[in-house]
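Structure record follows, encoded as structure tokens.
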Amino acid sequence: MFPRIARIVCGLLLALGLAVSACGSQARYKRVSLQPATRQPPATTPATEPPGLRVAVAAILAPQTTAHDYDPLIAYLAKHLGRPAQLVQRATYAETNELLRTGQVDLAFVCTGAYVQGHKEFGMELLVVPEIRGKTTYQSYIIVPGNSAAQTLDDLRGRVFAYTDPMSLSGYLVPLFALISQGKGTADTYFGRTLFTYSHENSIKAVSEGWVDGAAVDSLVYDAVVARNPNYSKATRIIWRSEPYGAPPAVVAPGLDDAVKEQLRLLLLQMDQSDEGRQVLALLGVDRFVQPDDSLYDSARALLNAVGAVR
């Protein structure tokens with residue numbers, strides 16, 4: 001009888017101990033992020049599945065537009081490489097460069113300024129460059145609202161001006177150089193207030209809706225946005241164009257395997273030779289990708305050096 005009573009008492013004590021432990025432990029809540037979701041690789045990859053290709057796209061466009069335009073390219077690369085591929089987005093050009101520097105992505109589509117700085121700082125490697133309407137160059141545009149009285153850069157003195165990103169050639173460094181070389185001072189002294197929008201598409205929208213008095217934007221992005229939405233051609237107006245610079249390229253991480261690098265290069269260079277590839281290129285507004293000469297970016301390097309010397 002006593003053994004039976006002992007077992008019952010022990011059971012009650014065990015149950016009571018568990019209950020007290022549960023009551024005394026801290027409740028665990030699911031963590032919820034308020035940041036926009038970015039695509040992350042799966043926690044585990046089946047051993048039989050080939051390693052995935054990670055492709056970053058700098059924040060030249062708004063995230064939704066980037067996904068819409070580049071998802072077909074990601075699918076095309078995955079299909080022809082025979083391996084999964086993933087689109088990775090970050091909020092700034094510097095964050096995208098960091099992904100490449102640390103080998104967290106393999107391939108990236110970056111702006112010209114980010115390439116020049118990344119190549120100098122950690123060996124970011126040029127892969128291909130887009131050819132658009134027969135050119136491998138682009139410009140910086142300064143745009144104002146369609147109803148603005150401004151006709152030149154002088155008319156924006158003391159006004160609110162939007163830049164794109166601190167690493168952006170067309171959206172920041174080119175107009176900054178224009179101010180310095182013309183003896184107008186710097187962004188801190190010339191404009192009444194400045195801000196960064198972190199995408200050319202955001203800058204165009206800010207100008208069109210009158211949030212700012214002017215902005216510096218990528219000519220390729222501006223032309224593409226206006227072609228998609230003709231209302232922007234009335235809501236905005238170009239008052240200044242820079243000289244041409246090498247177009248934003250596709251690049252690879254410095255430690256990427258040479259065989260993979262060549263496979264990617266050939267695949268991109270041959271896209272315009274098939275109906276499937278041309279359809280994907282059309283969504284990007286690109287005629288074809290071509291093999292670049294790194295000297296295409298010498299004028300951008302000279303500009304960055306000139307700006308860096310006086311800032």
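The values are calculated or read from the model by the stated rules, or taken from the named source; none is laboratory data. This structure is a prediction, so every number in the text was calculated from the model and none was measured. As a convention, Cβ positions derive from the backbone with ideal geometry for all residues, glycine included, and neighbour counts pool all protein chains shown.
Take the conditions farther than 19 Å from residue 245 by Cβ and of a type outside the set (Phe, Trp, Tyr) and apply them to residue 133. Does it pass? Break it down into steps so the answer makes sense when it comes.
On the way: farther than 19 Å from residue 245 by Cβ: no; of a type outside the set (Phe, Trp, Tyr): yes.
The answer is no for residue 133.
Here is the figure for the stretch 98-147: residues that are free of Cβ contacts under 8 Å to residues at least 40 places away in the same chain and hydroxyl-bearing (Ser, Thr, Tyr) total 1.
Would you check if there is a residue in the stretch 201-214 being in contact with a Ser or Thr (Cβ under 9 Å, 6 or more places away or on another chain), more than 23 Å from residue 147 (Cα to Cα) and either assigned by TED's automatic domain parsing to the domain that holds residue 95 or surrounded by 12 or more Cβ atoms within 10 Å (Cβ to Cβ) (or both)? No, the conditions are met nowhere in the stretch 201-214. Scanning the stretch 181-203 for residues that are touching a strand residue (DSSP E or B) at 6+ places or on another chain (Cβ under 6 Å) and closer than 17 Å to residue 65 by Cβ yields 197, 200, 203. Filtering the stretch 264-311 to residues that are small (Gly, Ala, Ser), touching a residue at least 60 places away in the same chain (Cβ under 8 Å) and within 25 Å of residue 222 (Cα to Cα) leaves 277, 285, 300.
With respect to residue 212, is the statement that it is more than 17 Å from residue 73 (Cβ to Cβ), aliphatic (A, V, I, L, M) and not in a strand (DSSP E or B) true?
Values: more than 17 Å from residue 73 (Cβ to Cβ): yes; aliphatic (A, V, I, L, M): yes; not in a strand (DSSP E or B): yes.
Yes: the conditions hold for residue 212.
Listed conditions (1) of a type outside the set (Asp, Glu); (2) buried (at least 24 other Cβ atoms within 10 Å of the Cβ); (3) in the same structural domain as residue 76 (by TED's automatic domain parsing); (4) more than 19 Å from residue 262 (Cα to Cα) are all met by residue 143, apart from (3). Restricting attention to the stretch 224-251 and to residues that are hydrophobic (A, V, I, L, M, F, W, C) and part of a helix (DSSP H, G or I), the residue that is surrounded by the most Cβ atoms within 10 Å (Cβ to Cβ) turns out to be 225. Of the residues making up the stretch 260-286, those that are over 13 Å from residue 77 (Cα atoms) and within 19 Å of the chain's Cα centre (by Cα) are 283, 284, 285, 286.
Flag: residue 55 matches the condition of being of a type in the set (Val, Ile, Thr) and either in contact with a strand residue (DSSP E or B) (Cβ under 6 Å, 6 or more places away or on another chain) or in a loop (DSSP other than H, G, I, E, B) (or both).
Within the stretch 174-209, track down each residue that is charged (D, E, K, R) and in a helix (DSSP H, G or I). I'd like the intermediate steps shown before the answer.
The first filter runs over the stretch 174-209 and keeps only residues charged (D, E, K, R), leaving 184, 188, 193, 201, 205, 209.
188, 201, 205, listed by residue number.
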